Every structure is written in structure tokens, then in C-alpha cells.
Amino acid sequence: MTVQQTLSRPARVSGVGLHSGVPVTVEIAPGAAGIAFSHRGRRTPARPSEVTATTLCTRLGEVSTVEHLMSALAGAGVTDAEITVSAPELPGGDGSALLFLDAVLAAGLRATGGEEPPRLRHTVAYEQEGTRIVASPGTGRWECAYDLDDRFPGRQTFRARLPQDYRTEVAGARTIVLAEEIPACRSRRIGLGLDETSVVVIGRHEYDRPVRFPDEPARHKLLDLVGDLHLAGIPLGRLDVTAHRSGHRANVRFAQLLTDALGH
């Protein structure tokens with residue numbers, strides 16, 4: 001049976017903001033009122049309606065780049081947590097969700113004794129500008145396609161059973177960048193918290209650096225999708241999801257559709 005879960009004790013991680021490069025400490029503490037992020041005393045619930053930006057990341061209130069931590073919480077089955085950050089962007093770690101997942105699992109989990117997590121009752125679909133995301137009541141079959149049309153690596157489709165496969169097959173997939181975008185990122189001071197080991201660099205005909213998985217871009221797209229959809233609070237194992245050309249803006253819009261569907 002799926003239950004509401006939180007951490008047994010606080011977990012703490014430190015690093016530098018994924019894009020800003022600013023030092024930050026994150027405390028992930030036990031909670032009993034959903035997931036929320038606090039910075040400088042301001043608490044923002046992790047809900048689609050609280051998202052303030054989706055360019056290059058997902059921002060809740062004034063806290064940026066929450067998607068990897070949200071993904072780790074979803075993968076671990078955490079439904080309730082109070083997260084306090086010392087700076088307004090979460091750390092990049094190695095470009096994946098492992099920094100957060102390992103800390104959460106090391107802290108341990110416990111049931112909150114709260115109400116059973118929500119369950120989707122009917123299929124919900126989103127389609128716009130070439131993006132399509134569909135979720136149905138299910139048993140954790142997730143599929144995500146990454147598509148670069150006629151250039152390497154073309155179209156990749158990754159499938160996983162979640163949450164079972166999350167730790168070994170999804171959590172370690174790193175952030176993606178096209179090789180030709182790197183100079184612009186540097187000039188715009190984007191990705192300052194990452195280095196050559198924490199990014200999957202896609203060249204014109206091959207990966208520019210070693211990858212953890214042959215289809216690592218598709219896996220990272222699924223990692224981001226999981227994090228953004230956790231804003232709706234539905235456990236991974238209660239959904240069957242397929243996504244093509246997903247991104248933070250579409251993911252958050254879809255999370256809002258899921259949230260709306262729970263009210264019917």
C-alpha cells in the first residue's frame with residue numbers, strides 16, 4: 001500500500017547553484033504538510049500554481065532549479081518534506097539527482113500517518129507545439145522520448161518501471177547540453193555550477209565526452225519529468241506516463257492538469 005512518507009531525520013547537502021554557481025546549503029527536514037521550499041523565511045508549497053519560471057529550470061517562488069530534488073523525492077516515495085535553502089538556487093551536484101537521492105535515503109523514511117496519497121481517476125493528456133504528455137491510472141510504466149530529429153543522437157526512447165528502476169536507471173542521468181550551445185551558456189553565465197564531468201555534451205555526430213548510459217539524454221528528460229510532475233503529488237507507481245519532446249514549461253502545465261483532475 002502506498003502511504004504518505006517523510007524523512008526519519010533531516011538530511012543536508014551543500015554545493016553551488018547549478019546555473020548561478022553560488023554556494024548553497026540545503027536542509028531536507030521531516031514534514032507533514034506536503035513538500036515546501038523556504039528561503040529567507042518565505043515558505044513556498046511545491047505546487048504547479050507556485051511555479052514562477054520554467055526557462056532552463058523549474059522555479060518555485062524565488063527558489064530555482066528544484067526539479068532534481070523533486071525528482072529524487074518522488075523516486076524515494078517522499079510526499080512530505082520541509083526544505084530550507086541558504087541561497088535561491090539548489091546545487092547542481094554531478095548534474096543528476098544522486099546528490100539528493102543518496103542524502104534522503106541515508107536519512108531514512110517513515111510514514112507520516114496522514115491521508116493516503118492522491119490517485120488519478122482518468123486519463124489526462126496535453127499536446128501543444130509538438131509536445132505530447134499523457135498520464136493514466138496505472139502501475140508505474142513511464143516512457144520518455146528525446147528527439148533531435150536529423151542530428152545525433154536522433155530519437156531516443158527510454159522506458160522504466162517506477163519507482164523500482166529509479167535509483168539504478170534514472171537518478172544518475174545528467175544534464176544535457178549541445179556542444180554548439182556551450183559558448184553562449186558561458187557568455188550568459190549559465191551552468192556555472194557544472195563542469196565537464198556533470199554534463200552530457202552532444203556533438204554533431206557523437207557525444208563529446210563519456211556517458212553513463214547510451215541513452216542518457218532520454219533518461220535525464222525522464223528524470224526532469226518525474227520531478228516536475230511530483231508537483232501534483234501522485235506517487236510514481238500509480239501512473240502510466242508517456243512523453244515526447246517534454247520540457248519544464250510543458251511538464252508544469254501538465255502537472256497543473258493532473259492537479260485539476262484530482263479535484264473531479
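Which FRET efficiency value, to the nearest 0.05, do you get for LEU109 and ASP150 by plugging their Cβ-Cβ distance into 1/(1 + (r/R0)^6) with R0 = 41 Å? Efficiency computed from Cβ-Cβ geometry: 0.35.
Summing charges over neighbours of SER20, with a neighbour being any other residue whose Cβ is under 13 Å away from its Cβ, gives +1 when K and R count +1 and D and E count -1. Here the Kirkwood formula puts the hydrodynamic radius of the chain at 18.3 Å, using every distinct Cα pair. Show me the trypsin sites (Lys or Arg not before Pro) within segment 125-164 that DSSP assigns to loop and that have at most 11 other Cβ atoms within 10 Å of their Cβ. Here the trypsin sites (Lys or Arg not before Pro) that fit, given the DSSP loop and packing criteria, are ARG151.
From the C-alpha gyration tensor of segment 1-65, pull out the three semi-axes of the equivalent ellipsoid (sqrt of 5λ each), sorted largest to smallest, in whole Å.
22, 17, 11
On full extension, the segment bounded by GLU116 and ARG161 gains 14.1 nm, given 0.36 nm per residue less the C-alpha separation.
Any idea which of GLY113, PRO183, HIS230 is furthest toward the positive side of the dipole for the chain, if Lys and Arg beta-carbons carry +1 and Asp and Glu beta-carbons -1? Positive-end residue among those listed: GLY113. The overall shape of segment 1-148 is oblate: from the C-alpha gyration tensor, with semi-axes ordered a ≥ b ≥ c, the ratio a/c is 1.5 or greater and a/b is no larger than b/c. Using the 1.4 Å probe convention, the accessible area of segment 59-115 works out to 28 Å² per residue with neighbouring protein chains retained. Each Lys and Arg Cβ is given +1 and each Asp and Glu Cβ -1; about its Cα centre, segment 90-235 then shows a dipole of about 280 debye. Counting only Cβ charges, +1 for Lys and Arg and -1 for Asp and Glu, the dipole size of segment 1-81 around its Cα centre is about 160 debye.
How many percent of the accessible area of segment 192-264 is carbon or sulfur, using a 1.4 Å probe?
50 percent
Considering only the other residues whose Cβ falls under 11 Å of the Cβ of GLN128, what net charge follows from Lys and Arg at +1 and Asp and Glu at -1?
Surrounding charge for GLN128 is +2.
Peptide packing for 118-131, 51-64, 213-226 was compared via the average number of neighbouring C-beta atoms within 10 Å per residue; ordered from the highest value, the list is 213-226, 51-64, 118-131. Ordering LEU194, GLY130, VAL78 by Cα displacement along the dipole of the chain toward the positive end leaves VAL78 in first place; charges were set at the Cβ atoms of Lys, Arg (+1) and Asp, Glu (-1). Counted residue by residue at 0.36 nm each, then reduced by the alpha carbon distance between them, the extension gain from ARG42 to THR55 reaches 2.5 nm.
The values are calculated or read from the model by the stated rules, or taken from the named source; none is laboratory data. In this text the structure is predicted, and so the values were computed from the model without any measurement. Cβ atoms come from the backbone with ideal geometry, glycine included; neighbour counts cover every protein chain shown. Please note that ligands, DNA and RNA were not included when accessible areas were found on the heavy atoms of the full protein model with its side chains. Shrake-Rupley method; radii C 1.70, N 1.55, O 1.52, S 1.80 Å.
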